[in-house]
Amino acid sequence: MTTEIPRLQRTGFTGAAANYIDERTSISAVVKEFGRKIFPDHWSFLLGEVALYSFVVILLSGTFLTFFFQASMTDTVYNGPWVPLDGIHMSAALNSTLQISFEVRGGLLVRQIHHWAALLFVAAIGLHMLRIFFTGAFRKPRELNWVIGFTLFILAMAEGFTGYSLPDDLLSGNGLAIINGMIKGVPLVGTWISYLLFGGLFPGTAIVGRLYTLHILLLPALVLAFIAIHLVFVVVHKHTQFAGPGRTQGNVVGYPILPVYAAKAGGFFFIVFGVIVLLATFFTINPVWLYGPFDPSPISAGTQPDWYIGFADGMLRLIPPHWEFVWLNRTWSFNIIVPILILGLFIVIVMFYPLIEGWITGDKREHHILDRPRNQATRTAIGAAGVTFYAVMWAAASGDIIATHFKFAVEGVTHVLQILLILGPVIAYFLTKRICIALQKKDRSLALHGYESGRIVRLAGGEYVEVHQPLDEYERWRLVSQEADKPVIVRPDSRGRITGGRRFRASLSRWFFDDRIEPLSQAEIDAASHHGELEGGH
Amino acid sequence: MAKSDSAVEHATDAPDDVRPGDPGTGIVLADAPVNPGFPPHRPRVTDQDPKKNRSAERTVFTLFYISIAGSIWAVASYLAFPIESGNLADVRMSTMYIGIGSAFALLGIGIGAVHWAKALMSDKEGIDIRHPIHGSDETRQTAIEIFEQANEESGFGRRTLIRNTLIGALVAFPLPAVVLFRGLAPQNQDPVVALSHTMWKQGLRLTKDPSGLPIKASDVTLGSVFHVIPDGLYDAPDMLEEKGKAAVLLMRLDPGDLHPSPGRESWAYNGIVAYSKICTHVGCPVALYEQNTHHLLCPCHQSQFDITHEAEVIFGPASRPLPQLPITIDAEGYLVAQSDFHEPVGPSFWERS
Amino acid sequence: MPKLNAPSTKTARKNRKVGRRHPLATVALIAIGLGLTGGVYAAVNAAPATASADTTSASQQQITEGQKVFEANCASCHGLNAVGSANGPSLIGVGAAAVDFQVGTGRMPMAASGPQAPQKPVQLNDTQIADLAAYVASLAPGPAIPTGPQISTNGDAAQGAELFRINCAMCHNVAGAGGALTEGKYAPPLAGVTPTHIYEAMITGPQNMPVFNDLNLTPAQKSDIITYLTYIQQNPSPGGYALEDLGPVSEGLFLWIFGLGAIVGLAVWITAKSN
């Protein structure tokens, strides 16, 4: 007695293969669940994908490089095509890097792909985070995913820095010297952390091997794990979307994964990869052959880290002289401690911003429709202030190059940036807030009265008016669809007390929603369009 | 007005906002604007015009053909442009032609696939319905019950001694692993001692970097600068670490320009002064010497040191002057150190003072 | 670390552990010592040492012509007899090399006072420069214009590169791209500078550049440095366009503007509705 096992109806090789796999993996359930999952379409939703794809490119190109690279600081003599280093002593790390560049066919291309992809990886994460921030996509239920994503940003910087240091060339060696100096400036533990990290005094013979282990084993594993968690949350939460006709907090409108989104996202991987290869084909990056081997005595003008470490280097540069004291017979290097604290505080505030804003607004609802940046003037202004703060630190890291290229004195550049570090964010905050509110008012007038058509008509009474071209209801909806908020009110807690904390929160909340413009009501819209119709009747 | 999908109508934003959670300060307007629903679908030219449709199809497969050609091109370039001659121009050719081929191979696939999706695949938008992120009440209740049952069966909450000792053990067990990391650096060395001394000692000759040739006082003319390493540096077992501490910059000024503090008058020799080259900020080599201003500039963070005033900091984030190496000449007229530096060189550290 | 002992062949370079006890080191030392004893007196007297005063080849007519050029173009700042004034330093003893460098690169005569005399189109013609150099050289002994093997580009590029990293790169950047100094001054880029001018800059120390006399960098070593600089100009980066050799700053800016810019542009295309 046998029962017929139900089989897939499709025959042929594809059907048979699908059947074979499904009977062993239950994969049809996955296809059913995800095959027609909807993903909304907007260019800014692809920035995270750029980061993901550049990371894939980094993994592929990096694996190739590991087959040739020797993470060793053993002394060797270079004999190769780059004449200006011929016969020069250098570590095996730099020697093998030069061999990859000049003696392995395609090696230089892969090295440049790896490095350009690394710069793009961190940059794409940065831009992705800016998009998330300014559209409020980090709000409930996505606060934790912001924290995870930000952790990825930190991990990416760590990956970048460890990789930058591997060739053991003069530029990266002096980068490590700076790291060594920074670590030594940390009170209490600095000396010993530096001593353990470098396996003795700087530079030692251990650091390249140790950074290599971090760079190709520990950090990539962490990055992969966090990417996996990040993406699981994206699936769980479903993607956010911008306000639009038909779109609500309860739906996702867009294209299904199969086939449209698979083609677009899959194609985009190849596009990102292709752009990276184009960069690597035509533009030199990190010419270690010019930098030569690391030696603690020489240095090059314009010694800078890769862009994503620039903000830290710039912060170091912005400290005024003589910020170091001896107290209790110990050296307190505030020229190191203060930058570390400022950077640490900046990172912590950014990392936990969703929780901070959630506490201030008291909003515990799920948000799936994105804010237009102008409609959350205070948040956008905070973001602009943060971007300005970061940009000033970043600019400071290239202060010497700014000075030579724009014919300034290097001291002047530093002084201006020192002032801007404090004033810049304040100015950016108020300016952005005013601009946002002005844009809100413009939207409001657009939604109510439509575009100015430029056509002037004379009314029967002799009055001249400009005819406004009303928006259609779909366009108008994009402008008027926004949430209404009001500040948290000081209320007694369960024991009937009004604590300082509650007062503080209420005042923060008042500040956050300060100057807000109430959203339009349907009645106002109807009234305006009625009025417009009358006017248009002339 | 094509409210084509029924899903749209049940969930306009407000007032029937069905999202879970406490609205906090969010307020629901009684008369919020009404979502107009989906606009009518606008067909593409490729949907309406079969000619355009075929043309798009041609574009897509042409792009895929280009991709194939690019891959072949890259392989051919790999073979056609050897670099083993050691000629750098060959490296450039090889890199460029393999790169161009690969870029076409990748961009052909990418642009082709996207164009296919945009022009030929259905452009009807789909809709997914969202559900609250939290589990249903029933699920949550079950989860709580499972935990309670596990607690009951194990006695985790009840048997406090078991629980607390377990927590203690879990805290303690990584400690041996932490201790193991002491082995990252040599056991028999104290970093504070190692950082406090350099190779320099009385009578040790100053030699040129990198040749190691000694320097006569008369070699150092006004306005010149010498990059100096200690004699015998290349014989040191840990050469780079010693160089990292002992690198010195030597320059000659008019003795009248120097302003030595009491007790340091004899550290210079006829206007020739030697200063540590390692920045007191974070340790870059401070090697930019301006012969007219007598300022030293660090290229990393722009700290500036005034050599006429014992290398005091006049700009930038550094705090301490560069340590001075007391020098004199030996019987043969070569410059030698009077002693080691009188303080640790390089970046500050906690135990320094 | 290779040694730079006198015979600078590759076989002579020893492992750093071997130290500098190359048999030829002592010989070289003695040779250099003997050859340059004559310069010591001048050195102690703080005059630019070692380069022999080359006034013999200049005719008296050149000197007279040079004096006229000087009085017409230079005397207002450097004083009537080149003794200097409040506006410009004395030129006694700077030698023909300094004149050829400063005037030959257009730095002098200065157009306007500033933190530093910038390179600009050359103001005088070659004859005038030669006459002027002859005149200044006739005032007092000073470094002569380098010739022959001194400015040869057949030296050892590897040694030159190492010497360049140690002595020059901190200001001029490892690739010779230039860099910032204090108070608006800068070390200029070295691309396109002739071997003669590079040599002259090293021996005369123009403006705030230190002097590299022949005891610090021997003429052969100077030629090695020139060889290196020539090499990197004649061999453009195998990796493609070098973004002005400014390192990570230009790489980062390029990536943000063009790399990410291109990708965002493509992302906009991908998500734009097809017409």
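Note on region B:238-253: residues that are assigned to a loop (DSSP other than H, G, I, E, B) and surrounded by fewer than 24 Cβ atoms within 10 Å (Cβ to Cβ) amount to 2. All of (1) among the small types (Gly, Ala, Ser); (2) touching a residue at least 12 places away in the same chain (Cβ under 8 Å); (3) more than 7 Å from every other protein chain (Cβ to nearest Cβ); (4) more than 22 Å from C:Gln116 (Cβ to Cβ) hold for B:Gly283 with one exception: (3). The number of residues in region A:113-155 being under 10 Å from the mean Cα position of the chain (by Cα) and either within 14 Å of another protein chain (Cβ to nearest Cβ) or basic (Lys, Arg) (or both) comes to 11.
Here's the yes/no breakdown for (1) in a helix (DSSP H, G or I); (2) surrounded by fewer than 10 Cβ atoms within 10 Å (Cβ to Cβ); (3) of a type in the set (Asp, Glu):
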site: B:Pro132; (1), (2), (3): no, no, no
site: B:Glu138; (1), (2), (3): yes, yes, yes
site: B:Glu145; (1), (2), (3): yes, no, yes
site: B:Gln149; (1), (2), (3): yes, no, no
site: B:Glu152; (1), (2), (3): yes, no, yes
site: B:Gly157; (1), (2), (3): no, no, no
site: B:Ala169; (1), (2), (3): yes, yes, no
site: B:Pro176; (1), (2), (3): yes, yes, no
site: B:Phe181; (1), (2), (3): yes, yes, no
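Of the helices (runs of 4 or more DSSP H) lying entirely inside region C:139-241, those containing at least 3 residues that are closer than 30 Å to C:Val83 by Cα and either touching a helix residue (DSSP H, G or I) at 6+ places or on another chain (Cβ under 7 Å) or in contact (Cβ under 8 Å) with a residue 60 or more places away in the chain (or both) are C:195-204.
Among the residues of region A:441-496, the one identified as hydroxyl-bearing (Ser, Thr, Tyr), part of a loop (DSSP other than H, G, I, E, B) and more than 9 Å from chain B (Cβ to nearest Cβ) is A:Ser494.
Got a sec? Which strands (runs of 3 or more DSSP E) wholly within region B:254-353 have at least 1 residues that are modelled with pLDDT of 95 or more, outside the structural domain of B:Leu195 (by TED's automatic domain parsing) and not aliphatic (A, V, I, L, M)? Reasoning before the result, please.
Values: elements: B:272-276, B:295-297, B:304-306, B:312-315, B:327-329, B:335-337.
So the answer is none; nothing clears 1.
Is there a residue in region C:223-237 that is among the charged types (D, E, K, R) and either touching a Phe, Trp or Tyr at 6+ places or on another chain (Cβ under 8 Å) or facing another protein chain (nearest Cβ under 9 Å) (or both)? Checked region C:223-237: no residue is among the charged types (D, E, K, R) and either touching a Phe, Trp or Tyr at 6+ places or on another chain (Cβ under 8 Å) or facing another protein chain (nearest Cβ under 9 Å) (or both). For A:Arg139, the requirement of being charged (D, E, K, R) and assigned to a helix (DSSP H, G or I) is not met. Residues in region A:48-76 that are within 14 Å of chain C (Cβ to nearest Cβ) and in contact with a Lys or Arg (Cβ under 8 Å, 6 or more places away or on another chain): A:Asp75 alone. Considering only region A:326-362, how many residues are aliphatic (A, V, I, L, M) and not in a helix (DSSP H, G or I)? Number satisfying all stated conditions: 2. In region A:297-323, the residues that are more than 8 Å from every other protein chain (Cβ to nearest Cβ) and under 12 Å from B:Cys300 (Cβ atoms) form Cβ pairs under 9 Å with partners that are part of a loop (DSSP other than H, G, I, E, B) and not hydrophobic (A, V, I, L, M, F, W, C), at six or more places apart or across chains, as follows: A:Gly314/A:Ser398.
Tallying residues that are of a type in the set (A, V, I, L, M, F, W, C), farther than 22 Å from A:Ala263 by Cα and facing chain A (nearest Cβ under 9 Å) within region B:80-112 yields 7. The residue of region B:158-214 that is nearest to B:Ile229 (Cα to Cα), among those that are aliphatic (A, V, I, L, M) and at the interface with another protein chain (Cβ under 9 Å from one of its Cβ atoms), is B:Leu213.
Here region B:325-353 is the region considered, the condition is being buried (at least 18 other Cβ atoms within 10 Å of the Cβ) and over 16 Å from B:Leu250 (Cα atoms), and the residue that is farthest from the other protein chains (Cβ to nearest Cβ) is B:Pro344. Outside the structural domain of A:Thr76 (by TED's automatic domain parsing), under 23 Å from A:Val410 (Cβ atoms) and aliphatic (A, V, I, L, M): does that describe A:Ile342? No, not satisfied.
Matching residues to (1) exposed (fewer than 15 other Cβ atoms within 10 Å of the Cβ); (2) in the same structural domain as C:Ala177 (by TED's automatic domain parsing):
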{"position": "C:Gln234", "(1), (2)": "yes, yes"}
{"position": "C:Val249", "(1), (2)": "no, no"}
{"position": "C:Gly261", "(1), (2)": "yes, no"}
{"position": "C:Val264", "(1), (2)": "no, no"}
{"position": "C:Val268", "(1), (2)": "yes, no"}
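Residues that are in contact with a Pro (Cβ under 9 Å, 6 or more places away or on another chain) and without any contact (Cβ under 8 Å) to a residue 40 or more places away in the chain were ranked within region A:210-261; the one that is farthest from the other protein chains (Cβ to nearest Cβ) is A:Val236. Restricting the search to helices (runs of 4 or more DSSP H) fully inside region A:1-88 and requiring at least 3 residues that are at pLDDT below 95 and over 24 Å from A:Pro220 (Cα atoms) gives A:12-25, A:27-34.
Residues of region A:297-307 include at least one that is in a helix (DSSP H, G or I) and not assigned by TED's automatic domain parsing to the domain that holds A:Met90.
Taking the options A:Thr380, A:Thr388, name whichever one is crowded, with 18+ Cβ neighbours inside 10 Å and either closer than 29 Å to A:Val480 by Cβ or modelled with pLDDT under 95 (or both).
A:Thr380
Select the helices (runs of 4 or more DSSP H) contained entirely in region A:163-267, then report the ones holding at least 2 residues which are β-branched (Val, Ile, Thr), more than 23 Å from B:Lys245 (Cα to Cα) and in contact with a helix residue (DSSP H, G or I) (Cβ under 6 Å, 6 or more places away or on another chain).
Correct list: A:219-237.
When residues in region A:192-203 are screened for being buried (at least 23 other Cβ atoms within 10 Å of the Cβ) and either of a type in the set (Lys, Arg) or at the interface with chain B (Cβ under 7 Å from one of its Cβ atoms) (or both), 3 of them pass.
Within region C:171-213, the set of residues being closer than 26 Å to B:Ser218 by Cβ and within 9 Å of another protein chain (Cβ to nearest Cβ) comprises C:Cys171, C:Gly205, C:Gln207, C:Asn208, C:Met209, C:Pro210, C:Val211, C:Phe212, C:Asn213.
The values are calculated or read from the model by the stated rules, or taken from the named source; none is laboratory data. Note that the coordinates shown come from a computational prediction; the quantities given were computed from them, not determined experimentally. Using ideal geometry, Cβ is built from the backbone for each residue, glycine included, and neighbour counts are taken over all protein chains shown.
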